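The values are calculated or read from the model by the stated rules, or taken from the named source; none is laboratory data. What you see is a predicted model; the values in this text were computed from it and never measured. All Cβ positions, glycine included, derive from the backbone under ideal geometry; neighbour counts span all protein chains shown. Side chains included, ligands, DNA and RNA excluded: accessible areas come from the protein's heavy atoms. Shrake-Rupley method; radii C 1.70, N 1.55, O 1.52, S 1.80 Å.
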Amino acid sequence: MTADHRLAPIAPGRRPLIGHALPLLRDRLGLLQQLRAHGPIVRIMLGPKSVTVVNSPELIHQMLTAQSGHFTKGLLFEKLRLFGKDALPVAEGPGHLARRRMMQPAFHRERVTGYVRTMRDTTAFAIGAWSEGGELDLKTEMQLMAQNIVMRAAFSAAPAPHTARAILTSVDTLFKAALRRALVPLPLLDRLPTRHNRRLARAGSTLHHAVAGIITDHLTRPDDYDDVVSMLLDARDETGAPLPDDEILSEVTGLLAAGSETTAVVMAWLFHEIGRQSDLEARLHTEVDTVLAGQELTADHLPRLTFTRALVQETLRLYSPGWLVTRQATAAVRLGDFTLPAGTDVVWSPYTLHRDPGLYPDPLRFDPDRWLPDRPQPPKNAFIPFGAGKRQCLGDAFAWTEMTIITALIASRWRLRPAPGIRPVPVGAITVHPSVLRMRTEARQSGTAREAA
């Protein structure tokens with residue numbers, strides 16, 4: 001291969017036959033972090049298969065924007081078709097663009113503002129059930145809360161507690177299967193009637209049954225709803241035909257899955273951090289007490305919750321949920337000094353990008369003040385928790401609003417303290433979630449409440 005058509009170098013540590021598979025299985029996050037020291041683009045070997053890892057923020061941005069037409073979403077997103085083969089997160093080409101344009105109105109900032117009351121009431125109901133001195137499995141608690149917010153705001157649905165947990169379990173099962181199949185692609189094994197595949201089929205059936213019930217209710221009482229489901233039912237393609245039933249089912253299922261996992265893990269990590277840093281917790285409580293002043297939270301309060309938002313932003317940086325993003329080159333493409341042949345599998349990691357000491361001083365320190373305007377800011381394109389370009393997450397404004405509301409409301413009523421002996425570490429599953437995170441609840445009175453007393 002000529003100098004103008006060089007392949008990226010292979011990272012050190014390759015072993016005969018298995019390549020880099022062993023360190024990837026042992027410590028996925030650690031391996032990707034170590035690869036940043038080997039240049040802007042580097043290859044790893046998984047057995048005989050080569051995977052190209054892009055580390056440079058400039059080249060990642062180029063791949064997601066100017067060069068995006070040369071890439072499909074890649075192996076992980078292909079496996080996420082378990083949630084629905086035509087849903088927006090996994091759609092490709094003209095179909096993706098058409099579906100994105102159709103879905104966009106539901107996530108305009110003005111529409112998201114209209115979801116604030118539902119987000120507030122759903123969160124308040126959930127945390128109102130907590131008890132003084134109780135112990136929470138915080139990740140699961142946040143998953144249920146985020147899932148209920150998505151279902152109420154986007155689908156006007158309020159599932160019973162046992163149904164909500166069944167949906168959550170099904171989503172977790174499908175996510176785990178998608179990641180396993182992406183990291184160890186064995187198509188033949190996926191089709192065999194194994195115990196794992198039978199459990200996967202049951203999870204898919206449970207999830208689709210729940211979503212189908214929501215859609216049926218909208219069809220039965222169409223005048224009662226004005227939400228994402230009714231928008232999909234009213235949508236027409238370029239020929240004037242409605243969306244097929246299976247496509248509506250896929251879209252609602254995909255939104256439900258995507259809308260609960262990311263928010264949940266960010267919130268779990270945020271309260272883990274402030275639970276062990278009393279100065280940050282005190283600043284959050286002061287801001288929330290001052291801004292809300294005993295009133296119900298509304299959209300008008302959100303712009304004034306600046307420290308609350310900084311906490312969310314720093315959590316998104318340090319614990320960026322999407323630790324692994326995949327792409328596949330559809331044609332030979334030049335990226336930096338190297339050529340990626342057609343068919344090249346590509347990965348990049350927001351998690352390791354956001355922890356790069358060359359981009360963020362003292363990167364492992366949880367420091368929300370790094371986002372203050374008088375502090376040096378990271379280079380452009382170095383903070384992209386929701387992606388960039390035409391595939392940037394459509395629900396980013398929804399997620400920012402939701403996470404700010406959840407943080408503020410919990411802080412207004414509770415302190416969360418680490419349970420004894422719990423030391424969570426980041427785990428690279430479908431998102432970066434805590435290995436274990438149990439926290440104890442302590443009721444608090446706001447400053448306004450104390451003064452009133």
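Got the relative contact order for the chain handy, in percent, Cα pairs under 8 Å and 6 or more residues apart?
Relative contact order, the chain: 25 percent.
Considering the dipole of the chain built from charges on the beta carbon (Lys and Arg +1, Asp and Glu -1) around the Cα centre, which of THR163, ALA331, LEU22 is farthest to its positive end?
Checked the options; the winner is LEU22.
What percentage of the solvent-accessible surface of the chain, computed with a 1.4 Å probe over protein heavy atoms, is contributed by carbon and sulfur atoms?
Answer for the chain is 55 percent, counting heavy atoms of protein chains only.
Do you know the relative contact order of segment 1-74, to the nearest whole percent, from alpha carbon pairs under 8 angstrom that are 6+ apart?
So the answer I get is 28 percent.
Computed from the coordinates I sent, semi-axes √(5λ) of the Cα gyration tensor in Å equals one of (i) 33, 24, 21; (ii) 35, 29, 21; (iii) 38, 27, 18. Tell me the label.
After the calculation, the listed value that fits is (ii).
Order 295-301, 374-380 from most to least packed using the mean count of other Cβ atoms within 10 Å.
295-301, 374-380
Tell me the GluC sites (Glu not before Pro) within segment 100-184 that lie in a loop according to DSSP and have at most 15 other beta-carbon atoms within 10 Å.
Answer in residue order: GLU132.
With a sphere of radius 13 Å drawn around the Cβ of LEU46, what net charge do the other residues whose Cβ falls strictly inside it have (Lys, Arg +1; Asp, Glu -1)?
Here the count lands on +4.
Go through segment 164-250 and name the trypsin sites (Lys or Arg not before Pro) that are in a DSSP coil and have 16 or fewer other Cβ atoms within 10 Å of their Cβ.
ARG191
So what is the 222 nm mean residue ellipticity for the chain from helices alone, if each DSSP H run of at least 4 adds -39500 (n - 2.57) and you divide by all residues, rounding to the nearest 500 deg cm²/dmol?
So the helix-based figure for the chain works out to -15500 deg cm²/dmol.
In Å², what does the accessible area per residue of the chain work out to with a 1.4 Å probe?
Per residue, the chain has an accessible area of 46 Å².
Have a look at the DSSP beta bridges in the chain and tell me what percent are antiparallel, nearest 5.
For the chain, the DSSP antiparallel bridge percentage is about 90.
At what distance in angstrom do the alpha carbon centres of segment 219-290 and segment 320-378 lie from each other?
25 Å
Number of Lys-Lys pairs in the chain under 29 Å by Cα, sequence gap 8 or more or different chains?
19
For the modelled label position 7 Å from the Cα of LYS380 along Cα-to-Cβ, which residues of segment 48-69 have backbone nitrogen atoms closer than 19 Å?
It comes to 56-68, nothing else.
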